[in-house]
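Notes follow once the structure below has been shown.
The values are calculated or read from the model by the stated rules, or taken from the named source; none is laboratory data. Owing to the predicted nature of the structure, the values given are computational and were not obtained by experimental measurement. Cβ placement follows ideal geometry from the backbone for every residue including glycine, while neighbour counts extend to all protein chains displayed. Remember, those area values only see protein heavy atoms, side chains included, never the ligands or the DNA or RNA. Shrake-Rupley method; radii C 1.70, N 1.55, O 1.52, S 1.80 Å.
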Amino acid sequence: MNKSKTGVLFLALTAGALPLTAAAADTRPYVFGGYAYTFDDKDRQSENGDGYFFGAGKQIDARWSVEFGGFVDSFDAGAGGNVWRAYGGSVDGLFHFMHNEQFSPFFLLGVGAINNELRSGAGGESTDPFVNIGVGLFKWFDLAGGNLGLRADVRGRWGDLDDLPGRGNLVEPVVRIGLAYQLGEKPAEPVMPPPDADGDGVADDTDLCPQTARGVQVDSRGCPLDSDGDGVADASDRCPQTPKGTEVDARGCAVKKVVVDSDGDGVADDRDRCPGTLKGLRVDENGCARKAQTLVLQDVNFRFGSLELAPESAGMLAKVAESLRGQRELRVEIAGHTDSVGDERFNLRLSQQRADAVLKRLVELGVDAAALRARGYGEAEPVADNTTKDGRARNRRVEFRILGD
């Protein structure tokens with residue numbers, strides 16, 4: 001056998017030798033067949049051979065399969081003038097270094113017998129054993145239910161022609177390519193249970209408590225059962241029927257709680273969504289001011305006959321600003337009022353200017369100007385008798401009006 005043929009066979013045997021991982025095997029039997037091209041040994045003194053191959057096989061497991069096959073080759077006359085007809089069969093073991101539904105390369109090793117018939121010259125016939133070794137692959141297609149695929153291999157065939165005078169050993173590389181078809185229905189994929197590291201019956205990918213102790217009853221999330229929802233698992237709960245929402249200790253029993261209501265609106269701080277509500281405002285169950293109500297801003301005063309806020313007004317306006325910043329959806333009118341002393345038009349203008357002064361101060365304290373409007377009512381809306389000193393004092397006021405929708 002010449003060196004070029006030896007190189008072709010060596011490359012074919014080593015090209016696919018990569019470390020790949022085996023997968024689950026489809027163990028149905030299959031049939032195969034196709035075209036074969038044989039590089040003739042020099043002892044034949046002929047051209048390279050054309051022929052065909054056929055056979056059947058079965059995957060035993062993810063690594064191994066076995067094939068029974070036959071072949072027929074024809075070698076035309078070459079420089080030596082010999083014409084050959086060869087046929088035979090073999091049993092081959094296939095080692096799959098990867099096996100999956102679409103691609104499966106393999107090594108092969110097998111033995112067989114070949115009948116070589118010399119059809120030129122003096123003629124003659126010899127039946128001799130041989131050894132196969134090679135590499136190949138299956139490539140399955142999405143056709144015929146995934147049962148149809150390509151089957152190809154490159155193998156070396158070692159035999160002899162000892163029964164024919166003047167003949168010696170045969171070493172012939174063979175390239176084969178064809179189709180394979182798997183028989184029967186494709187087996188269903190095995191359904192593997194999802195991993196459950198703590199063995200609580202809830203798969204790891206949905207288990208919110210993946211390290212639950214063995215034997216503890218769990219809910220659908222994989223967490224220990226907590227029938228009363230107090231955050232203490234039933235297995236440790238000394239008070240298993242605590243009412244919903246009750247604060248409990250480590251034993252699951254209610255703890256005495258000090259109610260704190262910093263803004264005095266009747267809603268405890270731990271439930272108050274609008275802390276800092278002005279005292280006197282009506283609030284809802286969340287501690288937020290209701291709409292469409294009015295509150296007189298006590299301690300918001302001006303210097304006599306002036307637009308300048310009195311110093312004692314600073315504290316109240318700071319509280320107003322805090323309340324509005326905590327409930328930004330409110331729309332508020334700052335309403336200015338005077339008593340009836342003096343000119344009516346002067347009083348109307350003065351009340352408007354004082355309302356504007358309050359609005360300006362609230363904006364300086366961080367309240368959104370878009371949430372405010374200022375309006376002066378002068379002496380038009382008294383709340384007390386202007387004929388008394390006390391009544392006039394009550395009429396000189398600034399109101400905080402929460403507008404409705």
Test set (1) of a type outside the set (Ser, Thr, Tyr); (2) open to solvent by 40 Å² or more (accessible area, probe 1.4 Å); (3) more than 30 Å from Gly57 (Cβ to Cβ) - Val131 fails condition number: (3)
Every residue from region 383-405 that is over 11 Å from Val341 (Cα atoms), surrounded by 18 or more Cβ atoms within 10 Å (Cβ to Cβ) and over 60 Å from the mean Cα position of the chain (by Cα): Arg397
Members of region 227-244 that are exposed (fewer than 15 other Cβ atoms within 10 Å of the Cβ), touching a strand residue (DSSP E or B) at 6+ places or on another chain (Cβ under 9 Å) and either at pLDDT below 75 or under 24 Å from Asp198 (Cα atoms) (or both): Gly231, Asp234, Ala235, Ser236
Test result for Gly89, outside any strand (DSSP E or B), closer than 23 Å to Phe54 by Cα, open to solvent by 20 Å² or more (accessible area, probe 1.4 Å) and among the small types (Gly, Ala, Ser): no
Considering residues of region 256-283 that are assigned to a loop (DSSP other than H, G, I, E, B) and basic (Lys, Arg) only, the residue surrounded by the fewest Cβ atoms within 10 Å (Cβ to Cβ): Lys256
Subset of region 114-126 [surrounded by 13 or more Cβ atoms within 10 Å (Cβ to Cβ) and in a strand (DSSP E or B)]: Ile114, Asn115, Asn116, Glu117, Leu118, Gly124, Ser126
Every residue from region 284-313 that is over 30 Å from Asp339 (Cα atoms) and surrounded by fewer than 19 Cβ atoms within 10 Å (Cβ to Cβ): Asp284, Glu285, Asn286
Where Cys253 falls short, out of the listed (1) in contact (Cβ under 8 Å) with a residue 60 or more places away in the chain; (2) open to solvent by less than 30 Å² (accessible area, probe 1.4 Å): (1)
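So which of Phe95, Phe68, Phe106 is crowded, with 20+ Cβ neighbours inside 10 Å, of a type outside the set (D, E, K, R) and part of a strand (DSSP E or B)?
Values: Phe95 fails: crowded, with 20+ Cβ neighbours inside 10 Å; Phe68 fails: crowded, with 20+ Cβ neighbours inside 10 Å.
Checking each option against the conditions leaves just Phe106.
Taking the options Tyr30, Tyr52, name whichever one is outside any loop (DSSP other than H, G, I, E, B), surrounded by fewer than 17 Cβ atoms within 10 Å (Cβ to Cβ) and out of contact with any Ser or Thr (no Cβ under 7 Å at 6 or more places or on another chain).
Details: Tyr30 fails: surrounded by fewer than 17 Cβ atoms within 10 Å (Cβ to Cβ).
Result: Tyr52 is the single residue among Tyr30, Tyr52 that is outside any loop (DSSP other than H, G, I, E, B), surrounded by fewer than 17 Cβ atoms within 10 Å (Cβ to Cβ) and out of contact with any Ser or Thr (no Cβ under 7 Å at 6 or more places or on another chain).
Please enumerate the residues belonging to region 339-376 that are basic (Lys, Arg), assigned to a helix (DSSP H, G or I) and surrounded by fewer than 17 Cβ atoms within 10 Å (Cβ to Cβ). Spell out the reasoning first.
Initially, region 339-376 is screened for residues basic (Lys, Arg), giving 345, 349, 354, 360-361, 373, 375.
Those left that are additionally assigned to a helix (DSSP H, G or I): 345, 349, 354, 360-361.
Listed by number, the residues that qualify are Arg345, Arg349, Lys360.
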Residue list for region 190-211, restricted to those being modelled with pLDDT of 75 or more, of a type in the set (A, V, I, L, M, F, W, C) and either more than 30 Å from Thr27 (Cβ to Cβ) or buried (at least 16 other Cβ atoms within 10 Å of the Cβ) (or both): Val202, Cys209
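Of all residues being surrounded by 17 or more Cβ atoms within 10 Å (Cβ to Cβ) and either in a loop (DSSP other than H, G, I, E, B) or of a type in the set (Phe, Trp, Tyr) (or both) in region 212-226, which is farthest from the chain's Cα centre (by Cα)? Just the residue, please.
Asp226
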Residue pairs meeting the criteria (Cβ under 8 Å; at least 6 apart or on separate chains; first in contact (Cβ under 8 Å) with a residue 60 or more places away in the chain, in region 385-405; second among the aliphatic types (A, V, I, L, M) and open to solvent by 40 Å² or more (accessible area, probe 1.4 Å)): Arg397/Val296; Arg397/Val383; Val398/Val296; Glu399/Val296; Phe400/Val296; Ile402/Ala292; Leu403/Ala292; Gly404/Ala292
Breaking point among (1) among the polar types (S, T, N, Q); (2) over 21 Å from Asn115 (Cβ atoms); (3) open to solvent by less than 40 Å² (accessible area, probe 1.4 Å); (4) modelled with pLDDT under 90, for Ser46: (2)
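Can you tell which of Ser351, Ser323 is among the polar types (S, T, N, Q), closer than 22 Å to Lys279 by Cα and either in contact with a Phe, Trp or Tyr (Cβ under 9 Å, 6 or more places away or on another chain) or at pLDDT below 90 (or both)? Steps first, please.
Details: Ser351 fails: closer than 22 Å to Lys279 by Cα.
Sole residue among the options that is among the polar types (S, T, N, Q), closer than 22 Å to Lys279 by Cα and either in contact with a Phe, Trp or Tyr (Cβ under 9 Å, 6 or more places away or on another chain) or at pLDDT below 90 (or both): Ser323.
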Residues of region 317-335 classified as surrounded by fewer than 19 Cβ atoms within 10 Å (Cβ to Cβ) and assigned to a helix (DSSP H, G or I), total: 5
